[in-house]
Amino acid sequence: MSVDGKTKVCGLIGNPVAHTLSPLIHNTLAKKTGHNSIYVPFQVESGEVQNAVRGAYALQVLGLNVTVPHKSAVLGSLVEIDELADKIGAVNTLVRVNGGYKGYNTDMTGLHRALLSEKIRIKDEEILLLGAGGAARAVAFMCAYYGAKRVYLLNRTIEKAEAVAREVNEALQTECIVPMKLEDYQKLPQKQFLAIQGTSVGLYPNSQEAVISDTEFYKRIHTGYDLIYKPAKTQFMKLVEEAGGKAYNGLKMLLYQGIDAYELWNQTKVTDETANEIYELLQEEMKINE
Ligand code: NAP
């Protein structure tokens, strides 16, 4: 990669940023699509988000990704916001426009694209969503937005599940999100579900844990999608597979949230072939760091 006077800069603001895989995604995309751009992670302390965004604009930065813990704080630094990102109330991608940045949520569109690439349908589906944190909230919006029939939102803290359900149902004028206490999973209808695992349980190094350990629960799941991608095969995925279902990790979600951002910044379309090549690189990188 060569940097010259015309190189466009994109980056990531968050804290910490040391272990991010986003530079691998974006710098490989730039190489493969022939764009003269570079992607750099920037560690930004809480309280400095506004300064960072202003400084980025002054430095002609083309776009930024935003990660934990700044996804909500950054809202106050935008000059425009995409309608859906506004409803979700969280932004992970900033696109340079006149006078500042416009905010988007490519976590949500990226997950939808990742599911489509595995031929997993959302429309008219009955879905179990485990968790009600920041990521699960975006997933709940995604499911409602793309026409899920019903989403049972199970969370340890029922109040959080209720709050997310209320917000999503109100924002999208639906009643499809149904909040439930995690421990009440036995009261679910006797059906087969797509289950999306959106809690942080099972994340490396706690790789042996699953948010529900009862093997009976997993017999209800035809497809399990874990947002976690480290470890590559989570305990949740193992339990789904042992009960006869198909299981996927969240690496493609990470890939496609990056590709969606790249496409917005560079007004381009990344081919499936390039997406697959980068997916392979990400998988290799995960193996190296195991
Ligand atoms: P978060 O806001 O901290 O939410 C954590 C969620 O996990 C909450 O619902 C919490 O329940 C639940 N939880 C935590 N410990 C639990 C326990 N012992 N038993 C039951 N439930 C428990 O985190 P987040 O930002 O939403 O992230 C969640 C996961 O998604 C993380 O593992 C992250 O790595 C992954 N993620 C992946 C991608 C991707 O690109 N693939 C993107 C974003 C996030 P309570 O509400 O009861 O505390």
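With viscosity 1.567 mPa s and temperature 4 °C, the Kirkwood radius over alpha carbon pairs of the range 109-249 converts through Stokes-Einstein to a diffusion coefficient of 88 µm²/s. Per the Cα gyration tensor, the range 1-146 maps to an equivalent ellipsoid with semi-axes of 27, 19, 14 Å, ordered largest to smallest.
Only sites in a loop by DSSP and with at most 14 other Cβ atoms within 10 Å count here; which GluC sites (Glu not before Pro) in the range 90-154 make the cut? Those that pass, being in a loop and sparsely packed, are GLU118.
A 1.4 Å probe, protein heavy atoms only, puts the accessible area of PHE42 near 80 Å².
Counting only DSSP beta bridges with both residues in the chain, the antiparallel share comes to about 20 percent. On a 0 to 90 degree scale, rounded to 10, what angle separates helix 272-288 from the longest Cα axis of the chain? Long axis of 272-288 versus the principal axis of the chain: about 80 degrees. Between TYR204 and LYS230, the built amide H atoms are under 5 Å apart, and every one of these is 5 or more places off in sequence or on another chain. For the range 107-154, trypsin sites (Lys or Arg not before Pro) are listed when DSSP marks them as loop and at most 12 other Cβ atoms sit within 10 Å of their Cβ; the list is LYS119, LYS123, LYS149. Solvent exposure of CYS176, expressed as accessible area, is near 10 Å², computed with a probe of 1.4 Å over the protein chains only. In debye, nearest 20, what is the charge dipole magnitude of the range 109-249 about its Cα centre with +1 on Lys and Arg Cβ and -1 on Asp and Glu Cβ, if you could check? For this selection, approximately 340 debye. Ranked by solvent-accessible area (1.4 Å probe, protein heavy atoms only, all chains present), the residues TYR145, TYR57, TYR256, TYR279 order from largest to smallest as TYR145, TYR57, TYR279, TYR256. Other residues with beta-carbon under 15 Å from the beta-carbon of GLY11 carry, at +1 per Lys or Arg and -1 per Asp or Glu, a net charge of +2. For the chain, the longest principal axis of the C-alpha atoms and the axis of helix 106-117 are separated by about 60°. Karplus-derived 3J(HN,Hα) values for the range 205-213, using 6.51 cos²θ - 1.76 cosθ + 1.60 with θ = phi - 60°, are x, 8, 5, 8, 9, 9, 5, 10, 9 Hz; glycine and proline are entered as x.
Here the Karplus curve 6.51 cos²θ - 1.76 cosθ + 1.60, taken at θ = phi - 60°, turns the phi angles of the range 178-183 into couplings of 10, x, 9, 6, 3, 5 Hz, with x standing for Gly and Pro. Remark: for residue pairs LYS8/LYS119; LYS102/LYS181; LYS8/LYS102; LYS187/LYS246, the C-alpha separation exceeds 25 Å in LYS8/LYS119; LYS102/LYS181. Extension gain, ASP124 to GLN192, is 23.2 nm, computed as 0.36 nm per intervening residue step minus the present C-alpha separation. Helix 22-33 and the longest principal axis of the C-alpha atoms of the chain enclose an angle of approximately 60°.
Check the straight Cα-Cα distances from LYS32 and name the aspartates and glutamates below 17 Å, setting aside those fewer than 8 residues away within the same chain. Qualifying aspartates and glutamates at Cα under 17 Å: ASP260, GLU263, ASP272, GLU273, GLU277, GLU280. Charges were assigned to the Cβ only: +1 to each Lys and Arg, -1 to each Asp and Glu. The resulting dipole of the chain about its Cα centre is roughly 240 debye.
Apolar share of the accessible surface for the chain: 48 percent from carbon plus sulfur atoms, 1.4 Å probe.
Computed from backbone phi, the HN-Hα couplings of the range 244-250 come to x, x, 9, 9, 9, 9, x Hz, rounded to whole numbers (Karplus: 6.51 cos²θ - 1.76 cosθ + 1.60, θ = phi - 60°; Gly and Pro given as x). Annotation: amide H of VAL178 within the under-5 Å range of VAL151, TYR152, LEU153, sequence separation 5 or more or interchain, hydrogens built in the peptide plane. Taking every protein chain into account, the accessible area of the chain amounts to 48 square angstrom per residue (probe 1.4 Å). Taking amide H positions as modeled 1.01 Å from N, with prolines and chain starts lacking one, the residues under 5 Å from ASN105 and 5 or more places away or on another chain are ALA85, ASN92.
The values are calculated or read from the model by the stated rules, or taken from the named source; none is laboratory data. Computed from a predicted model, the values in this text were never measured in an experiment. Cβ: placed from backbone, ideal geometry, glycine included. Neighbour counts: every protein chain shown. Remember, those area values only see protein heavy atoms, side chains included, never the ligands or the DNA or RNA. Shrake-Rupley method; radii C 1.70, N 1.55, O 1.52, S 1.80 Å.
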